[in-house]
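Report on the following structure.
The values are calculated or read from the model by the stated rules, or taken from the named source; none is laboratory data. Given the structure is predicted, the values throughout are model-derived calculations rather than measurements. All Cβ positions, glycine included, derive from the backbone under ideal geometry; neighbour counts span all protein chains shown. Each accessible area value is taken on the protein alone, full model and side chains, heavy atoms only, with ligands, DNA and RNA left out. Shrake-Rupley method; radii C 1.70, N 1.55, O 1.52, S 1.80 Å.
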Amino acid sequence: MTRRILFLGPQGSGKGTQAVKLSVLLGVPHISTGDMLRAAVADGTELGRRAEAIMAAGDLVPDDLVVAMVAERLGADDAHCGFLLDGFPRTEVQARALDEALSAGQGAGVEGGGGAAVDVVVLLEVDHDELMRRLLQRAADQGRSDDTAESIERRLSIYWEETAPLAEYYPAHGVDVARIDGMGSVDEVFSRITKALSEETL
Ligand code: AP5
Ligand code: MG
């Protein structure tokens, strides 16, 4: 069975934290566009140079750059048995591009034949105050360059405008959205996710 799982949720909802754990459990790669872009910035690649200021401001990197990066990653051998996508898609344009890439056979494409390109979407739901608390805490602990108050506000407002509507896009395209309460400890949230997925793909 293929395991093509998307993590959706606002900044600070725990997508990266939970996807790392689930990736170990399922044995499929965790693909984070934020991590890939930060690596490109650190390496000083052409993509990184174009993305750096955009990311620091909390804006979205242009769809065409991110789509090309993800399409290439999904073509790698380790994505053939499935993947956990974290931070992508973030716009409807990206969601459509992902559907097209998967139906063209990339990333565990269509072994089951004919069905939806993605198996399930995990949507993490967390109160605004808790999101701010977590992100400001990370700013203090790790100094991530986009965890300033202005950038956090910008990222969250873009999330609600551009990304949250994907929670409607997927059901309209035949893909279940598992809404998970993301409040509480990391382990509590993880057990809610595995319980929900056991009814879907595990
Ligand atoms: P990205 O790296 O995806 O960052 P983000 O969107 O700001 O999301 P976060 O990583 O902050 O949130 P998360 O939900 O992963 O939470 P996490 O587990 O880290 O993107 C960065 C930038 O790259 C974007 O702004 C954009 O510019 C660009 N970009 C990326 N993808 C793009 C795309 N597809 N298109 C265009 N541009 C793109 O947890 C957050 C903190 O909370 C951590 O410190 C964690 O330890 C803590 N925490 C997690 N769970 C819990 C818990 N249960 N209890 C207490 N603390 C917790
Ligand atoms: Mg993250």
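Laid out as a table, the results:
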| item | result |
| --- | --- |
| The range 173-202, subset under 20 Å from residue 127 (Cβ atoms) and among the β-branched types (Val, Ile, Thr), residue most open to solvent (accessible area, probe 1.4 Å) | 186 |
| Complete set of residues in the range 171-194 that are in a helix (DSSP H, G or I), within 16 Å of ligand 2 (Cβ to nearest atom) and not aliphatic (A, V, I, L, M) | 190 |
| Check on residue 28, out of contact with any strand residue (DSSP E or B) (no Cβ under 9 Å at 6 or more places or on another chain) and either more than 8 Å from ligand 1 (Cβ to nearest atom) or within 12 Å of residue 88 (Cα to Cα) (or both) | no |
| Positions within the range 17-62 being within 13 Å of ligand 2 (Cβ to nearest atom) and among the β-branched types (Val, Ile, Thr), in sequence order | 17, 20, 31, 33 |
| Considering residues of the range 68-111 that are of a type in the set (Val, Ile, Thr) and in a helix (DSSP H, G or I) only, the residue surrounded by the most Cβ atoms within 10 Å (Cβ to Cβ) | 70 |
| Test: residue 65 is away from ligand 2 (no atom under 11 Å from the Cβ) and either crowded, with 19+ Cβ neighbours inside 10 Å or assigned to a loop (DSSP other than H, G, I, E, B) (or both) | no |
| Index of the failed condition, residue 65 passing every other in (1) touching a Leu at 6+ places or on another chain (Cβ under 7 Å); (2) of a type outside the set (S, T, N, Q); (3) more than 9 Å from ligand 1 (Cβ to nearest atom) | (3) |
| Tally of residues being assigned to a helix (DSSP H, G or I) and open to solvent by less than 80 Å² (accessible area, probe 1.4 Å) across the range 141-170 | 13 |
| Selection from the range 1-54 of residues that are in a loop (DSSP other than H, G, I, E, B) and without any contact (Cβ under 8 Å) to a residue 24 or more places away in the chain | 44, 45 |
